[in-house]
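Just below is one structure, and these are the notes that go with it.
Laboratory data are not the source of any read-out in this text; all were calculated from the coordinates shown. Keep in mind it's a predicted model, so treat the numbers as computed, not measured. All Cβ positions, even for glycine, are placed from backbone atoms using ideal geometry, and neighbour counts span all protein chains on display.
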Ligand code: UN1
């Protein structure tokens, strides 16, 4: 594995020799083998990088936005060329299957394309002024250095959603990746540096930087008032730590945190579509997506048909080395495996019937933590179902009335993704009406995970309220400015006020 990773690093313009001397060891979840070590930052080096980022911002913000888009276009080119290598490095470092590793890089390519187009479309609006001879306009200005905090499970795509938008918006960026996945972060930075070199001299030095380390490193960035926006993707626990710190200094925060995503299977659901949707959502990325399907709310008329078919599908899933064609790879580490076992024990104590969930020993990968994805039939949506356990556990509950299903769907602290499988038009529309799903994502006849980059991505309640990626999420990376220009020879006051002097 070490040789494989070294070769991938070389393909991605990193010198493997440099990546064996740091103080942060990186192991692959595939078999627990050591694959490199990287140097970490300390608070003073973070402060220095922030200073540099402020300088880079001052230069970058003045370049025309379409020119800034050119850099993101070049980054997209690098990603296209290196999709296989980066996808494989993602697999090696976070354990997702190769197909999903490459899919993640595809998301990066897609967001680059989207951002290039946006670089000519970050429009403000003109607003009718109530005063004669006046123009009122809204401008979107670059906001400042943007801090990006990302998690191990999407170690590269989440950075790109933020980086591509921030860069076309005129912001400099500093990225704190998960300490579990620093190699992929360094590889992305190397690809962006190549794009910068091709771009030319008008890209300032230190436009994009990486900081590596544990919480103290992140905290230094989070607390620094020069960081205009902190965009943090990860657990609700992390968001609870980051949000108030940024708010205390009146900084801006974009939080994309945990999910507890449900699929409702209605009486008219097409089960041939629902089953693959459910299985991909629940076991894809070994249940370690923030959009993973964690709850199934099944109408009692289809329950006895659906659940045995699901169990059969689960039995056919190959669990093993994610680089060798398995459908489900390992959990990220032992802590994650232990959390899964604790959650299953808690569900049993609440009356749940557990199917699967056992440890799987994979030949040649004995140092990895592989588990059979679990299905848990629950008598009710009890306490453990309301928690997000980052593992392949699918809780199944029954319902009889549509309103009951909607209440159950919304009755968890998180609000990221949701879906319904139904062929009843009324149910489908009710699911996405004002009193329907309270999530940021509400799908009909597709699963909860695998969102396209074109939509705004994020959710409500404990999910944090932020939106990344598509639609008008770019506005979070800019500051809004209202400008009124008087082109008359009078000075009328607004609201009709007379102020004679
Ligand atoms: C995440 O798990 O943090 O919708 C992001 C999806 C992916 C992104 C997941 N496009 O499943």
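Peptides 186-194, 146-154 ranked from most to least packed by the mean count of surrounding Cβ atoms within 10 Å: 146-154, 186-194.
Relative contact order for the range 213-328: 20 percent, from Cα pairs under 8 Å spaced at least 6 residues apart, divided by residue count. Relative intensity of the range 325-391 on a log10 scale, I(q)/I(0) at q = 0.14, 0.19, 0.23 Å⁻¹, equals -0.43, -0.73, -0.97, per a Debye sum over C-alpha point scatterers of equal strength in the absence of solvent.
From the P(r) of the range 337-485, could you give the percentage of C-alpha pairs in the tail past 23 Å? Taking all Cα-Cα pairs of the range 337-485, the fraction more than 23 Å apart is 51 percent. For the chain, the convex hull drawn through the C-alpha positions has a volume of 168 cubic angstrom per residue.
Three principal axis extents describe the C-alpha atoms of the range 384-443; from largest down they are 33, 24, 17 Å. Projected onto planes of every orientation and averaged, the convex hull of the alpha-carbon atoms in the range 72-153 covers 7.9 nm². Take the Cα radius of gyration of the range 242-333 and divide it by 2.2 N^0.38 Å, N being the number of residues; the result is 1.45.
Rg/Rh for the range 230-385 (Cα atoms only, Rh after Kirkwood) is 1.02. Entry note, the chain: relative contact order of 18 percent, from Cα contacts under 8 Å with a spacing of 6+ residues.
Taking N as the number of residues in the range 184-289, what value does Rg over Cα atoms divided by 2.2 N^0.38 Å take? Write out the running numbers ahead of the final one.
Working: Rg = 20.1 Å, N = 106, 2.2 N^0.38 = 12.9 Å.
Cα-based Rg divided by the globular estimate yields 1.55.
When shorter helices are ignored and each DSSP H run of at least 4 residues is given -39500 (n - 2.57), the per-residue value for the chain at 222 nm works out to -12000 deg cm²/dmol.
Restricting things to Cα coordinates, could you compute the convex hull volume per residue of the range 362-405 in Å³?
That works out to 95 Å³ per residue.
Taken along its principal axes, the alpha carbon cloud of the range 181-231 reaches lengths of 34, 26, 15 Å, longest axis first. Counting only Cα atoms, the size of the range 400-501 along its three principal axes is 73, 28, 26 Å, in decreasing order. Shape summary: the range 294-410 maps onto an equivalent ellipsoid whose semi-axes, from the alpha-carbon gyration tensor, are 28, 16, 11 Å in decreasing order. Fewest-first ordering of 425, 340, 397 by other beta carbons within 10 Å of each residue's beta carbon gives 425, 397, 340.
Listing 60, 140 from fewest to most neighbouring C-beta atoms within 10 Å gives 140, 60. Each peptide in 381-393, 305-317, 47-59 was scored by the mean count of other Cβ atoms within 10 Å over its residues; highest first, the order is 381-393, 47-59, 305-317. Based on the Cβ-Cβ distance from residue 121 to residue 249, what FRET efficiency comes out when R0 is 22 Å, to the nearest 0.05? Efficiency, rounded to the nearest 0.05: 0.10.
Taking the average, over residues, of other Cβ atoms within 10 Å as the packing measure, peptides 4-12, 131-139, 199-207 rank 4-12, 199-207, 131-139 from highest down.
Calculate the tail of P(r) for the range 1-44: the fraction of all Cα-Cα distances greater than 12 Å, expressed in %.
On the way: 576 of 946 pairs.
The calculated P(r) of the range 1-44 puts 61 percent of pairs beyond 12 Å.
An ellipsoid equivalent to the range 135-210, defined through the eigenvalues of its Cα gyration tensor, has semi-axes of 25, 17, 9 Å when rounded to whole angstrom and sorted largest first.
Kirkwood Rh over Cα pairs of the range 1-107 into Stokes-Einstein at 4 °C, 1.567 mPa s: D in µm²/s?
After rounding, the answer is 80 µm²/s.
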